[in-house]
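Let me begin by presenting the structure, written as C-alpha cells, before commenting on it.
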Amino acid sequence: MAAEEHGEGLTFHPMDQFIVQPLFGGDTLHFYTVSNATLWMALSVLAAALLFVMGTRGRAIIPTRIQSIAELAYGFVHKMVEDVAGKDALKFFPYIFTLFLFIVFSNFLGLLPMAFTPTSHIAVTAVLAMAVFLTVTIVGFAIHGIGFLGLFWVSSAPLALRPILALIEIISYFVRPVSHSIRLAGNMMAGHAVIKVFAAFAPLILISGIGIAVTPLSIVAITAMYGLEILVAFIQAYVFTILTCVYLKDALHPAH
C-alpha cells in the first residue's frame, strides 16, 4: 500500500518484525551469532530467574507483590501437573514449570515496543516441542518397557478395528511435536502481524487524505488487538504446558 498521489513509496511489511538479525557485525548468521532472537530468549530466562530470586528473597508471611506473583505461578503449574498427570508426575514439575515460565515471559516480553518474540519462530517452538516429545517417549519406555506400546493398542475397541486404530494412534503420536510447535508459533506470529497491519493503517489513511476521522478507528483496533494479544500470550503458554502434562500422563499411564 502506498500514498501514490504524494509521490511517496510508503510501504509496510508486517512480517519484517520476525526477521532474525545479528546484533553485531554484518548480516551473516551462524550458530554462534548473537542475534535479536537469542537476546530476547536470554532476557526471558533472566526475567524468570529474577522473578523467583526477588520473589523468594524475603519469604515474608505477608507476601509482597512479586512474592505473590511467584507463589501464584508456582501453585498454578504445580496444581496443573498434579491434576492432569497425577501425583507421580510431580517429579517432572521443575521441567514443566521451566517450560511454562520461558514461554510466558517470551510471549509477554515480545509485546513490548521494538521487541522480538522468540516463540513466534517455529525453530524455537519446534525445539521445545521436540524436547517434550523425546522426554515423554524416553520416560514411557524407561518405566514400562515394551508395555509402553499399549498406548497405541485400543483394547476396548472391536478386534477387527484395533489394527486400524493402532495405525491412527501411531500417526497421531508422531504428529504431536508438529501440532505442539505450530500452534504456539502460529498464534504468536498471527497476532503480532495483525497489530502491525492496524498500526500501519493510521498514517497511511492520513497521508492518502481519506479523512482524519477514520484514524481513531485504527487506534481502537490496535488497542483491542493488543489486549487480545495479552490474553493470547498467557493462553498459549497455558495450552503448551497442559498439553505437555497430557503427553506425560500418557507416558506414565499408557494403557487405554
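Can you tell me the FRET efficiency between PHE234 and ALA47 if r is taken as the Cβ-Cβ distance and R0 is 22 Å, rounded to the nearest 0.05?
On the way: r = 15 Å, r/R0 = 0.67.
Working from the Cβ atoms, E equals 0.90.
Extent of the chain along each principal axis, from alpha carbon coordinates, in Å, largest to smallest?
Answer, in whole Å and largest first: 72, 57, 41 Å.
Pull out the extension gain between VAL197 and SER172, defined as 0.36 nm times the separation in residues minus the alpha carbon to alpha carbon distance; nm, one decimal. Provide the component values of the computation, followed by the final result.
Working: separation 25, 0.36 × 25 = 9.00 nm, distance 3.55 nm.
Going from the current span to full extension adds 5.4 nm.
Using a Förster distance of 25 angstrom, determine the FRET efficiency expected from the C-beta separation of PHE141 and PHE76, and round it to 0.05. The partial results should precede the final answer.
Numbers: r = 30 Å, r/R0 = 1.21.
FRET efficiency, PHE141 to PHE76: 0.25.
Hey, what did the stretch 59-156 get for relative contact order, percent, Cα under 8 Å, at least 6 apart? Intermediate values should be presented prior to the final figure.
Numbers: 36 pairs, mean separation 11.3, N = 98.
For the stretch 59-156, the relative contact order is 12 percent.
Considering only protein heavy atoms, what per residue accessible area in square angstrom results for the chain with a 1.4 angstrom probe?
Per-residue accessible area for the chain comes out at 56 Å².
Dividing the Cα radius of gyration by the Kirkwood radius, what Rg/Rh value follows for the stretch 65-159?
Values: Rg = 17.5 Å, Rh = 16.1 Å.
For the stretch 65-159, the value is 1.09.
Determine which lysines satisfy two conditions relative to LYS91: a Cα distance under 24 Å, and not lying fewer than 8 residues away in the same chain.
LYS79, LYS249
At what distance in angstrom do the alpha carbon centres of the stretch 102-156 and the stretch 74-100 lie from each other?
When both Cα centres are located, 14 Å separates them.
Mind listing the long-range amide H neighbours of SER35? Cut-off is under 5 Å, sequence gap 5 or more, other chains count too, H placed in the peptide plane at 1.01 Å from N.
LEU23
Which residue fluctuates most in the GNM of the chain (Cα springs below 10 Å): ALA123, ALA115, ALA160?
Top of the fluctuation ranking is ALA160.
Find how much the distance from THR38 to VAL246 grows on full extension, using 0.36 nm per residue of separation minus their present alpha carbon separation; answer in nm with one decimal.
Numbers: separation 208, 0.36 × 208 = 74.88 nm, distance 2.93 nm.
Full extension of this stretch gives 72.0 nm more.
For the stretch 28-111, state which trypsin sites (Lys or Arg not before Pro) are in a DSSP loop and have at most 13 other beta carbons lying within 10 Å of their beta carbon.
Values: sites: ARG57, ARG59, ARG65, LYS79, LYS87, LYS91; in loops: ARG59.
Answer by residue number: ARG59.
Calculate the spin-label point distance for THR64 paired with SER179, positioning each point 7 Å from the Cα along the beta-carbon direction, and give it in nanometres.
Placing both labels 7 Å along Cα→Cβ, they lie 4.4 nm apart.
For ASP83 and VAL220 in one chain, what is 0.36 nm times their gap in residues minus the Cα-Cα distance, to one decimal in nm? Don't jump to the answer; show the numbers that get you there.
Numbers: separation 137, 0.36 × 137 = 49.32 nm, distance 3.97 nm.
Result for the pair: 45.4 nm of gain on full extension.
What number, in percent, do you get for the relative contact order of the chain if the mean sequence gap of Cα pairs under 8 Å and at least 6 apart is divided by its residue count?
25 percent
Calculate the spin-label point distance for LEU161 paired with LEU90, positioning each point 7 Å from the Cα along the beta-carbon direction, and give it in nanometres.
Calculated label separation equals 3.8 nm.
Would you be so kind as to identify all helices of the chain, as entire DSSP H runs, whose Cα atoms reach 18 Å or more along the helix's own axis and whose mean Kyte-Doolittle hydropathy is at least 0.5?
Numbers: long enough: 36-57 (31 Å, 1.43); 65-85 (30 Å, 0.35); 93-109 (23 Å, 1.97); 122-144 (32 Å, 2.30); 162-208 (64 Å, 1.19); 215-252 (55 Å, 1.51).
Span-like helices here: 36-57, 93-109, 122-144, 162-208, 215-252.
The values are calculated or read from the model by the stated rules, or taken from the named source; none is laboratory data. Not measured: the values here are computed from a predicted model. Using ideal geometry, Cβ is built from the backbone for each residue, glycine included, and neighbour counts are taken over all protein chains shown. Ligands, DNA and RNA are stripped out before the accessible areas are found, and what is left, the full protein with its side chains, is counted by its heavy atoms. Shrake-Rupley method; radii C 1.70, N 1.55, O 1.52, S 1.80 Å.
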